[in-house]
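The structure under discussion appears below in the form of structure tokens.
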Amino acid sequence: MTNRNDPAFRTGSMQREGAMRDDRLNWWREAKFGLFIHWGLYSIPAGRWKGKFIEGIGEWIQHTDRIPRKEYSKLVDQFNPLEFNAKKWVSIAKKSGQKYIIITAKHHDGFCIFQSNVGKYNIQATPFGKDPLKELAIECNRQDIKFGFYYSQTQDWFHPFGNGNDWDFDHSMNNQDKNFDDYVQNYVKPHIRELLTNYGPIAVIWFDTPKIITNKQSQELLDLCHRLQPNCIVNGRLGNSLGDYCSTGDNAIPNNLQNFDWETCGTINDTWGFKIDDNNWKSAEDLIKNFIDIVSKGGNFLLNVGPTSDGIIPKASVDKLLRIGNWLEKHQESIYGTTPGPIQNLDWCKTTKTIENIYIHVLNWPSNGKLVLPNLGKSIHEVSILGDDKKTELNFENFNSDVIIQCPVLPPDPIVTVVKIT
Ligand code: JFZ
């Protein structure tokens, strides 16, 4: 069955096989690329608390600095993202070649960035007074992008029975299990019901950090999601090896091809939630190469941005995303709707395939332009450079058990050139 031994799959997940699951996952398997958005109260302090620089990822600031919930929750009075524009955000994803968007409806801090009748710690309590998730749902529908929610089902540092806040609450009390179950039944489930009822079709519910959640609780959440929206897929961080697909650890890419559905979630700098002081940006080139590596091993890439509390996606993030989009525009054929290609063991090239074609993504261009590939086991009709308007046919010859393709000496694409073999 599935092989989840690679260290990239620390969070684990199993999928039950079946036609229903295949139906749900069909679009996702072709989509390859999604936009992750971490946005919440933590976007306001943005990594600094009372003038102090706080180590670690931005959305964990309350935990890292053990900020009392009474103090932290005052941030609701300040949350007023006047620059938020759903159309702009969705357009960025669209132009970047991303086919789905997943946004934090509730992160570990417990704040719900949507209108909820369950509890009061939500967007209605802020001066903003609108529901950004509703606007995004409508806009995604307009621009034909799938829409989904991140929801922290176990950790909740605001709810007294949620997991993780040991500075305000003493969770070693006798009723811990019972209380946590109370939180799941009467808080988490009603939230999920709202999210899967009030926003039209929801493509993904993305759970996280399962920790103490029991098998029964995970199963009940999974059943609830599928009952409310049979087409909604659920990620593996639901816990207890349940869910429709596996998530790797953050930014982790497995070493080899995997024979199950999986996704890498990654950051462009070092944080998920916006952090003023984090300027450690990855280059667009590295992100594209990581993306190709992931797709060649059968995975999807969910790439994160952390908008400011004003509602602006940092310019550096937008720049990188658009550069990925530029590359993708010319190379869509070798990415979307493909499956992993026949050559998996070479570092300088990553391959994908369709029924008719094999796509060689050349990460390191050979100085003489000669690509030496192992025998592909099929007869080659034609070789060309993907995106070459003139469709120039390249010469190739068989040599012992190799195929040698003569390409231009200089790589035609400045980032990654793709050679298409028909
Ligand atoms: C979790 C969150 O705690 C974090 O804030 C962010 O939302 C991220 C996407 O997910 O962090 C994790 C979860 C799992 C691993 C690492 C970080 N893991 O398995 O390696």
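Numerical summary
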| item | result |
| --- | --- |
| Residue count, segment 107-143 (criterion: away from the ligand (no atom under 16 Å from the Cβ) and in a loop (DSSP other than H, G, I, E, B)) | 15 |
| Candidates 169, 161, filtered to the one that is outside any helix (DSSP H, G or I), over 30 Å from residue 323 (Cα atoms) and touching a Phe, Trp or Tyr at 6+ places or on another chain (Cβ under 6 Å) | 161 |
| Every residue from segment 73-92 that is part of a helix (DSSP H, G or I), surrounded by 15 or more Cβ atoms within 10 Å (Cβ to Cβ) and in contact (Cβ under 8 Å) with a residue 60 or more places away in the chain | 73, 89, 92 |
| Test result for residue 157, of a type in the set (A, V, I, L, M, F, W, C) and within 16 Å of the ligand (Cβ to nearest atom) | yes |
| Residue pairs meeting the criteria (Cβ under 9 Å; at least 6 apart or on separate chains; first within 10 Å of the ligand (Cβ to nearest atom), in segment 197-216; second at pLDDT 95 or above and open to solvent by 40 Å² or more (accessible area, probe 1.4 Å)) | 210/240 |
| So residue 188, is it free of Cβ contacts under 8 Å to residues at least 40 places away in the same chain and either outside the structural domain of residue 23 (by TED's automatic domain parsing) or within 16 Å of the ligand (Cβ to nearest atom) (or both) | no |
| Residue match in segment 299-309 (condition: open to solvent by 50 Å² or more (accessible area, probe 1.4 Å) and either at pLDDT 95 or above or in a helix (DSSP H, G or I) (or both)) | no |
| So residue 180, is it open to solvent by 40 Å² or more (accessible area, probe 1.4 Å) and within 22 Å of residue 62 (Cβ to Cβ) | no |
| Failed item, numbered, when residue 147 is tested on (1) in contact with a Cys (Cβ under 6 Å, 6 or more places away or on another chain); (2) within 16 Å of the ligand (Cβ to nearest atom) | (2) |
| Sole residue being away from the ligand (no atom under 14 Å from the Cβ) and outside any helix (DSSP H, G or I), chosen from 269, 280 | 280 |
| Residue among 228, 222 that alone is out of contact with any Asp or Glu (no Cβ under 6 Å at 6 or more places or on another chain), away from the ligand (no atom under 16 Å from the Cβ) and either free of Cβ contacts under 8 Å to residues at least 24 places away in the same chain or not assigned by TED's automatic domain parsing to the domain that holds residue 30 (or both) | 222 |
| The one condition in (1) among the polar types (S, T, N, Q); (2) within 16 Å of the ligand (Cβ to nearest atom); (3) surrounded by fewer than 14 Cβ atoms within 10 Å (Cβ to Cβ) that residue 235 fails to fulfil | (3) |
| Residue 81 away from the ligand (no atom under 15 Å from the Cβ) and under 17 Å from residue 307 (Cα atoms) | yes |
| Residue within segment 137-147 that is under 26 Å from residue 74 (Cα atoms) and either open to solvent by less than 10 Å² (accessible area, probe 1.4 Å) or outside the structural domain of residue 208 (by TED's automatic domain parsing) (or both) present | no |
| First in segment 245-256 and in contact (Cβ under 8 Å) with a residue 12 or more places away in the chain, second anywhere and assigned to a loop (DSSP other than H, G, I, E, B) and near the ligand (Cβ under 7 Å from one of its atoms), Cβ under 7 Å, 6 or more apart | 247/11; 249/10; 249/11 |
| Test set (1) closer than 18 Å to residue 350 by Cα; (2) part of a loop (DSSP other than H, G, I, E, B) - residue 389 fails condition number | (1) |
| Strands (runs of 3 or more DSSP E) completely within segment 317-382 that count 1 or more residues being hydroxyl-bearing (Ser, Thr, Tyr) and open to solvent by less than 70 Å² (accessible area, probe 1.4 Å) | 349-353, 358-362 |
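The values are calculated or read from the model by the stated rules, or taken from the named source; none is laboratory data. Bear in mind the structure is a predicted one, so any value in this text is a computation, not a measurement. Don't worry about glycine lacking a Cβ; one is built from the backbone with ideal geometry, like all the others, and counts go over all protein chains shown. Each accessible area value is taken on the protein alone, full model and side chains, heavy atoms only, with ligands, DNA and RNA left out. Shrake-Rupley method; radii C 1.70, N 1.55, O 1.52, S 1.80 Å.
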